[in-house]
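Each remark here refers to the structure printed beneath this line.
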Amino acid sequence: MAEEKVSPESGERNPIWGILTMLFVLVLGFAASYYLSRPMPEQARAEWNAQADADAKRLASTFTVLLDRANSPLQSLATLFNGSGRVAADEFENTIEYLKGHQSGAFPASMGFLTKSQPPSCGTEDGCWMVAYSTDTNGVLRPGSDASRFGPMVETISTALVDENTLAVGSVFQGEDGKPYSYYAVTIRNTRQFGVVVSLIDYQGLVDRLYEEWIPEGFTLRLEASFSNGSEMSAPLFIVGSSEPGEGAVRSVSVPAEIDGAKFNLVLDVTEEYSDGPKLLAGTFALYTGIFATLFLVMLIRILFRAGD
């Protein structure tokens, strides 16, 4: 504590020293409280953002696993065809039933085997891609259907034929229900059969499952994708959600993922509801705690000065 100056004439303490002491403590305490609490909100928001980034990467990994798991029946079916001299219709059906019984998670809504032939309805010399076996009863993959009439299917098959040993994800198309879909395809070439096996990818179904089990509150997922046509990649487009952030988003986190020639970009819009928002109250609490502590110290100094008079 500053030494008080005593007037030589009166022997009393000069009150100016007490006032200056209290003013010094007040200014110093307020300044220290402000500068010590100032970085706390920024640090809290940085930690909150880092947590969101980590969750976004985890969700991208989960999406990749789900999509890979969705193509596992196709891989098993391709193994059956490539390892056989010829697969008959009943073998196809029995394999599908077996796979359904052992598949964890959603099973593809449609799977089929297509071969190239030239029925009377086919108007090209090169032949048309006809559905030989299928799990579907209507639509593009119904048995006997000419899949060459459906552009996305033709593009998917063409991409799969570029590399016969690689799974290919075809370009996205809108189903009759308005949802986005693609076909998975892989080439089949055994001693007696040549063609492709395909299965349907339900992107909205995958995203819905992410929401059900993994996407935390405060996150909104938008899915952007680009597909190979065998020689180049298509322009990226949003297949789930729009190109603009959702309402209430304070930031967006983008995480890329590449699966079987298709490039995806998972965009997670983050709102203040995520993880109850950044912990900004810590900085406010520290500021006001410092202010009250300073005021208490000033009051204590004032009391001491009065007691010494």
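Using a 1.4 angstrom probe, figure out how much accessible area segment 117-207 has per residue, in square angstrom, rounded to the nearest whole.
For segment 117-207, the solvent-accessible area averages 46 Å² per residue.
Could you work out what % of the accessible surface of segment 125-218 is carbon and sulfur, using a 1.4 angstrom probe and leaving DNA, RNA and ligands out of the count?
Using a 1.4 Å probe with all protein chains present, segment 125-218 comes out at 44 percent carbon and sulfur.
When the label point is put 7 Å from the Cα of residue 136 along its Cα-to-beta-carbon vector, which residues of segment 158-192 have a backbone N closer than 13 Å?
What the label zone holds, given the 13 Å backbone N cut-off, is 173-177, 181-185.
Where in segment 191-226 does the label zone of residue 174 land, with the point 7 angstrom along Cα→C-beta and an amide N cut-off under 17 Å?
203-205, 223-225
With +1 assigned to the C-beta of every Lys and Arg and -1 to the C-beta of every Asp and Glu, and no other charges, what is the dipole magnitude of segment 106-195 about the Cα centre in debye, to the nearest 20?
Charge dipole, segment 106-195, about its Cα centre: 200 debye, nearest 20.
The values are calculated or read from the model by the stated rules, or taken from the named source; none is laboratory data. Everything quoted here is computed from the prediction, not taken from an experiment. Every residue, glycine as well, gets a Cβ built from its backbone with ideal geometry; the counts of neighbours run over all protein chains shown. Just so you know, the surface numbers come from the protein's heavy atoms only, side chains and all, with ligands and any DNA or RNA stripped out. Shrake-Rupley method; radii C 1.70, N 1.55, O 1.52, S 1.80 Å.
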